[in-house]
Amino acid sequence: MSKPPENTREISALVEIVAALRGENGCPWDKEQTHESLAPFAIEETFELVEAIEQGSAEGLKEELGDCLFQVVLHSQLAQEANKFSLSDVIESISQKMVRRHPHVFSDVKVQDSSEVIKNWQQIKAQEKDASKKKSSPLETPKGLPALMEAQKIGHKTKNLGFDWQEASQVFAKVKEEVSEVEDALHNFSENSSSENLEALSKEIGDALFSLAQLARHLKLDSEKSLRT
């Protein structure tokens, strides 16, 4: 039987607990886990964190932040067992990244507002990818993002590339155009429709949803949150 740490206010205590859970006399469930098997829990915990934020509950926020931190420590423990990296490496990596990405705080770079901060961030991020020889599309987004969130993120990226509508009214016109195309596709749809017709309808609905996400972006709204309310 493992003895729990006496001082549980330090992150070292959580590291010790997770190591015990994965140890010889640890928890059978925790010992079975892999990075892949834990991935769905990372998504679930993130959404529970968002829910706590939206509810304005300090106690709930504290709990959900702890659950997310547990995921970080557990993944780090798995990596350490495989001699890949440790939690200290994770902390060092993110610390160095934040210093690099904030030269206006940790260096002599001057910025006028947050828009310049974002522009610098994207430039530094691109330089880091070039240095690491990572090849990616300028519109690349993390796999597994909720679809509406991904649509808005793509919209932000295209805006940074100089491709965007000037006004929300122009986006709304695009929304109406896409909805009209959904209506046209519906005319060719029935319960006995071919897979091609069904695929065409699905594509048009996707285009309409994408346009609605861009309208939300132009209005500075979160389309995911709008759908949930």
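Quick notes on this structure:
- Boolean, Val105 is among the hydrophobic types (A, V, I, L, M, F, W, C) and farther than 30 Å from Asp30 by Cα: yes
- Pairs meeting the criteria (first residue in segment 180-201 and in contact (Cβ under 8 Å) with a residue 40 or more places away in the chain, second residue among the aliphatic types (A, V, I, L, M), beta carbons under 7 Å, at least 6 apart or on different chains) are lacking.
- Any chance Lys143 is exposed (fewer than 15 other Cβ atoms within 10 Å of the Cβ), of a type in the set (D, E, K, R), without any contact (Cβ under 8 Å) to a residue 24 or more places away in the chain and closer than 29 Å to Val171 by Cα: yes
- Residues that are assigned to a helix (DSSP H, G or I) and surrounded by 13 or more Cβ atoms within 10 Å (Cβ to Cβ), drawn from segment 12-34: Ala13, Leu14, Val15, Glu16, Ile17, Val18, Ala19, Ala20, Leu21, Arg22, Asp30
- Residue count for segment 168-211 under the criterion of being of a type in the set (Lys, Arg) and either out of contact with any helix residue (DSSP H, G or I) (no Cβ under 7 Å at 6 or more places or on another chain) or over 21 Å from Ile154 (Cβ atoms) (or both): the result is 2.
- Selected residue [charged (D, E, K, R) and under 25 Å from Leu221 (Cα atoms)] from Glu183, Glu199, Glu128, Glu116: Glu116
No lab work stands behind these numbers, since they all come straight from the coordinates. All values derive from a computational prediction rather than experimental measurement. Methodologically, a virtual Cβ is constructed for each residue, glycine included, from the backbone with ideal geometry; neighbour enumeration extends over all protein chains shown.
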